[in-house]
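Trainee: Got a structure for you, questions after.
The values are calculated or read from the model by the stated rules, or taken from the named source; none is laboratory data. In this text the structure is predicted, and so the values were computed from the model without any measurement. Glycine gets a Cβ as well: all are built from the backbone with ideal geometry, and neighbour counts include every protein chain shown. Heavy atoms of the whole protein, side chains included, go into the accessibility calculation; ligands, DNA and RNA do not. Shrake-Rupley method; radii C 1.70, N 1.55, O 1.52, S 1.80 Å.
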Amino acid sequence: MKHLLHLQVITPDRMVLDEYVARVTLPESDGYVTLLPGHAALVAELGAGELEYELDGKPRWLAICGGFLQVQDDAVKVLANSALTPAEIDIGRAKQAAERAQQRLGSGDYTIDYRRAASALHRAQARLTVATAHMEH
Amino acid sequence: MPSLLDLRRRIRSVRNTQQITRAMKIVSAARLRRAQDRVIASRPYSRGFGEVLQQIAAAVRGAEASGFEHPLLERREESRILVFVVTSDRGLCGAYNANLVKSARRFVDDKVKAGVSVDLHTVGRKGDEFFRKRSYSIRDAHIQFLAQMTYLQVEEMAHQLVSYYSEGEYDAVYLLYTEFRSAASQMSTQKKLLPVSLPEDGEAPEYLFDQPAEELLASMLNQYVVLSLYQSLLEANASEHGARMTAMDSATRNASDMIQKLTMRLNRVRQASITTELIEVVSGAQALE
């Protein structure tokens, strides 16, 4: 049997993905990492971005945001706050959210919650990238 | 003795009520299933999360004997607390709200007697009305929230609580809700949301960390608060529908019993009136002879 990673992407409201994959690339809080079978046990915090995995030789994508990653014995658990497939992303809404966040960040108003606005912007951008670049045909 | 007409009217009215309770029972059964599905769907996440949290906590504890400190773990003398009370928006769900409100009130009154100042945060209209009428201090209220709740909304709510707590506005946050056991059995429960108590046991496997374990634990703690709030609210929601379904089921059954009793009386009255009439005819005929 080929050596594979058991990838599970779980959000608080559902199990998004439960597959055996050849590799997975995902955004940690400070940059992307690629995991291959045989990876050492790892725990990390996730950022917002695109999660790419290879299933049956073909790459696939999810837009994920926030949460934690656990790797142990070739089992990769992605505990994300949200995870959407390209088909599920509402491009219009993501665009609006990105604009809103940008306005808030650029408003010069110091009372805004900077971290929240920035993470909203990242989330929206991640969704847009995934939706526009990898729309399933 | 009630007249035939009165009895017929009453039977019709009970039958109408029964139709309503039966319809409500069916609706609650459907909602209960959906609510239960949501509870079940959230389990893989909380299981995975709990496992990671336990391991990280163990790793942090193992790394330094001095002990890890974090604002959310810090236990303070309780002088001001916030109590979250989760009830339903609508009635007709048996003793669901009454039970919860009763235990909530006891809890709050005990705290007040001990000299603690208590603010309430109500979720659900029933509890809100109850405590407002009795002029308890209500900090915040969420009405019409449970049915449409999303994880993101709960996250916001939890972050608000965390900031109250870490700014020292409250020394503890309690959650009073109804735990879901089965459709027929629910339990009023209280849970301490803040400060967080970490799982005690657990061993730490050899992990690679891309960031210090302490930092990781800190952000997990925040997430932990969100998650326990989310789960409790989901359970409360399922409990509500379970309680309503059971209540409506027994209401429907009671209505059946009542219809049966009334029909029996109706028949008896009708029989009695026939008998009287017969006697009258017979005795009239006898008088003529």
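Trainee: Identify all residues within the range A:9-29 that are assigned to a strand (DSSP E or B) and either aliphatic (A, V, I, L, M) or not assigned by TED's automatic domain parsing to the domain that holds A:Lys77 (or both); write none if there are none.
Mentor: A:Val9, A:Ile10, A:Met15, A:Val16, A:Leu17, A:Val21, A:Val24, A:Leu26
Residue by residue, here is whether (1) within 14 Å of chain A (Cβ to nearest Cβ); (2) more than 29 Å from B:Leu152 (Cβ to Cβ); (3) assigned to a helix (DSSP H, G or I) holds:
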site: B:Gln211; (1), (2), (3): yes, no, no
site: B:Ser219; (1), (2), (3): yes, no, yes
site: B:Leu227; (1), (2), (3): yes, no, yes
site: B:Gln271; (1), (2), (3): no, yes, yes
site: B:Leu278; (1), (2), (3): no, yes, yes
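Trainee: Residues to consider are B:Thr122, B:Thr150, B:Thr178; find the one that is surrounded by fewer than 17 Cβ atoms within 10 Å (Cβ to Cβ), among the hydroxyl-bearing types (Ser, Thr, Tyr) and under 22 Å from the mean Cα position of the chain (by Cα).
Mentor: Only one candidate qualifies: B:Thr150.
Trainee: Find the residue count for the range B:83-105, including only residues that are open to solvent by 70 Å² or more (accessible area, probe 1.4 Å), out of contact with any Ser or Thr (no Cβ under 6 Å at 6 or more places or on another chain) and on the phi < 0 side of the Ramachandran plot.
Mentor: Qualifying residue count for the region: 3.
Trainee: Still on this structure, I have one more. Of all residues in the range A:23-77, which are within 13 Å of chain B (Cβ to nearest Cβ), open to solvent by 50 Å² or more (accessible area, probe 1.4 Å) and among the acidic types (Asp, Glu)?
Mentor: Across the range A:23-77, the qualifying residues are A:Asp30, A:Asp73.
Trainee: Determine which member of the set B:Ala183, B:Ala172, B:Ala158 is within 30 Å of B:Gln19 (Cβ to Cβ) and within 24 Å of the chain's Cα centre (by Cα).
Mentor: B:Ala183 is the lone residue from the list that is within 30 Å of B:Gln19 (Cβ to Cβ) and within 24 Å of the chain's Cα centre (by Cα).
Trainee: Still on this model: Of everything in the range B:42-54 that's at the interface with chain A (Cβ under 7 Å from one of its Cβ atoms) and open to solvent by less than 30 Å² (accessible area, probe 1.4 Å), which residue is farthest from the chain's Cα centre (by Cα)? Talk me through it step by step, then tell me what you get.
Mentor: The first filter runs over the range B:42-54 and keeps only residues at the interface with chain A (Cβ under 7 Å from one of its Cβ atoms), leaving B:42, B:44-45, B:48-49, B:52.
Next, only the ones that are open to solvent by less than 30 Å² (accessible area, probe 1.4 Å) stay: B:42, B:45, B:48-49, B:52.
Working: B:Ser42: 18, B:Tyr45: 22, B:Gly48: 25, B:Phe49: 24, B:Val52: 29 Å.
It comes out as B:Val52.
Trainee: Only residues that are over 30 Å from B:Ala272 (Cα atoms), without any contact (Cβ under 8 Å) to a residue 12 or more places away in the chain and open to solvent by 70 Å² or more (accessible area, probe 1.4 Å): list them for the range B:4-26, please.
Mentor: Answer for the range B:4-26, where residues must be over 30 Å from B:Ala272 (Cα atoms), without any contact (Cβ under 8 Å) to a residue 12 or more places away in the chain and open to solvent by 70 Å² or more (accessible area, probe 1.4 Å): B:Gln19, B:Ile20, B:Ile26.
Trainee: Give B:Arg34, B:Arg75, B:Arg80 a once-over and let me know the one that is open to solvent by 50 Å² or more (accessible area, probe 1.4 Å) and in contact with a strand residue (DSSP E or B) (Cβ under 7 Å, 6 or more places away or on another chain).
Mentor: Going through B:Arg34, B:Arg75, B:Arg80 in turn, the sole match is B:Arg80.
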